[in-house]
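The values are calculated or read from the model by the stated rules, or taken from the named source; none is laboratory data. Note that the structure is a prediction, hence the values are computed from the model and not measured. All Cβ positions, even for glycine, are placed from backbone atoms using ideal geometry, and neighbour counts span all protein chains on display. With ligands, DNA and RNA removed, areas are computed over all heavy atoms of the protein, side chains included. Shrake-Rupley method; radii C 1.70, N 1.55, O 1.52, S 1.80 Å.
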Amino acid sequence: MNREIIVNTGEPYPIYIRQGGLGELAELLHQHELARQVFIITDEHVAPLYANAALQHLRQEGFHSEHVVLAAGERTKSPESAEKLYTWLIENQAGRDSVIIAFGGGVIGDLAGFVAATYMRGVPLVQIPTTVLSQVDSSVGGKVGINHPLGKNMIGAFYQPKFVLIDPNVLHTLSQRQTRAGFGEVVKYGFIADVELFHLLAESLDNLLALNDMEHLQSVLETCCQIKADVVAQDERESGLRAILNFGHTIGHALEALTQYEHFLHGEAVVHGMKAALYLSYLKGYLERSTVEKSILLLNRFDPPAIPASIDDVELLNATKHDKKRSSTGQTWVLLQKPGRAHLEQDVTDDCIRQSIAFMKEMDH
């Protein structure tokens, strides 16, 4: 089953969702009239599983292809890694029409995308996401960037790929932890835009996590990509509506930064952050307490690592103030008006945030 979703940005591009789609990479590069000089950026986990084979496939099809293998993990998404990649591209005589392929999860997609956006002021980019999280979220929409010790994704750009190639078959080699973390982003879409997706996850989460039904899984991936494509088309550069995609991320990003990006996978931190955002929505009078409690039951099934006891509430509150959604008028919070409808709000007091942090920790099982 093949599906193509168009992201209608300034330069529209397709998301190809195809089981076995990796075998069509050379054909798609030809179809999009991209140059034959291709640079694959990947990590130590993806290289032996998929990227090395893709490299050989492209060479057999007449492409001049090189690849670089980076350490896996959030700490790779750094200025130091970006500089290493610039040097590699220059040494290999990458030109302005050379194609960079981001072949990996969210870390590789963000880092390679940032390098593509800034090398020679921009070279063509292709995203091949290999995790649930990157397939439903980070590979779509053109947000690329690197981390700073004081905050996640503080250095970045908006840079759209020429296309995104999603092959659900690659998810079979993920660890159960990675799969669970990725579905943390899937449930986010249910909270902010599709209450039916929320109910589907509540009913079928175990089966989806086991990757037993690829048709069902592909349908979920398509739903998430379509939601994100619709939001991005309305607000490509996050001047308003697009911020709803950050539900749970303000506190989630703060948790990642305070643990030096080593304790949580991104989706795990977001699961914690969504608990706090749900409680904030209750404190602001949008959600019933029973709705929050029902939602927490689903989030607890993702079983993220516990929040370290060393992180105190004041420290976490202060860390949220480094969030990239903060402006001169204050911090923008993504709340829920009701399940399936998100709401942006700046009128959130520090006391409310402290209460939500305390609730999140109380719900940390």
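Gain on full extension, evaluated as 0.36 nm per residue between Asn8 and Ile90 minus their Cα-Cα distance, stands at 26.3 nm. Hey, if you put +1 on the Cβ of every Lys and Arg and -1 on every Asp and Glu Cβ in the chain, which of Gly151, Phe264, Leu171 ends up farthest toward the positive end of that dipole? Highest projection toward the positive end goes to Gly151.
Taking every protein chain into account, the 1.4 Å probe leaves Met120 with about 80 Å² of accessible area, to the nearest ten. Please give me the summed charge of the neighbours of Glu66: other residues whose Cβ is under 11 Å from its Cβ, Lys and Arg +1, Asp and Glu -1. Net charge around Glu66: 0.
For the range 270-323, the solvent-accessible area with a 1.4 angstrom probe is 42 square angstrom per residue. In the range 1-105, the C-alpha radius of gyration followed by the widest Cα-Cα span (Dmax) gives 14.6, 41 angstrom. With the whole protein complex present, Lys84 retains an accessible surface near 110 Å², based on a 1.4 Å probe. Amide H contacts for Asp43 (H built 1.01 Å from N in the peptide plane; partners 5 or more residues away or on another chain; cut-off under 5 Å): Leu70. 3J(HN,Hα) couplings calculated from phi for the range 160-175 with the Karplus curve 6.51 cos²θ - 1.76 cosθ + 1.60 (θ = phi - 60°) are, in sequence order, 7, x, 6, 6, 10, 10, 10, 10, x, 4, 5, 5, 5, 8, 6, 6 Hz; Gly and Pro show x. Residues in the range 37-49 carry Karplus couplings, in order, of 9, 10, 10, 9, 10, 9, 10, 5, 7, 7, 3, x, 7 Hz; the curve used is 6.51 cos²θ - 1.76 cosθ + 1.60 with θ = phi - 60°, and Gly or Pro positions show x. When you filter the GluC sites (Glu not before Pro) in the range 256-365 for DSSP loop state and at most 10 other Cβ atoms inside 10 Å of their Cβ, you are left with Glu262. The trypsin sites (Lys or Arg not before Pro) found in the range 1-76 include none that occupy coil by DSSP while having at most 15 further C-beta atoms within 10 Å. For a straight C-alpha distance cut-off of 16 angstrom, the lysines reachable from Lys284 (same-chain residues fewer than eight places away being disregarded) are Lys275, Lys338. Between the amide H of Asn8 and those of Ala233, distances stay under 5 Å, these residues lying 5 or more places away or on another chain, with hydrogens modeled in the peptide plane. With 0.36 nm allotted per residue and the present C-alpha distance subtracted, the Glu362-Asp206 stretch has 53.7 nm of extension available.
The amide H of Ser78, built 1.01 Å from its N in the peptide plane, has Asn147 as neighbours under 5 Å, considering only residues 5 or more places off or on other chains. Scalar couplings 3J(HN,Hα) for the range 79-87, obtained by applying the Karplus form with A = 6.51, B = -1.76, C = 1.60 to θ = phi - 60°, are x, 5, 5, 4, 4, 4, 6, 4, 4 Hz; x denotes Gly and Pro. Charging the Cβ of each Asp and Glu at -1 and of each Lys and Arg at +1, and nothing else, the dipole of the range 221-345 about its Cα centre rounds to 400 debye.
Rounded to the nearest 20 debye, the dipole magnitude of the chain is 480 debye, with +1 charges on Lys and Arg beta carbons, -1 on Asp and Glu beta carbons, and the Cα centre as origin. Under 20 Å of direct C-alpha separation, and excluding same-chain neighbours fewer than eight residues apart, Lys143 reaches these lysines: Lys77, Lys152, Lys162, Lys188, Lys228, Lys324, Lys325. In the list (1) 121; (2) 151; (3) 138, the label attached to volume of the Cα convex hull per residue in Å³ as derived from the coordinates here is (1). Listed by chain and number, the aspartates and glutamates placed with their C-alpha closer than 14 angstrom to that of Lys294 are Glu203; residues fewer than eight positions away on the same chain are left out. The accessible surface of the range 284-365, taken with every protein chain in place and a 1.4 Å probe, is 48 percent carbon and sulfur.
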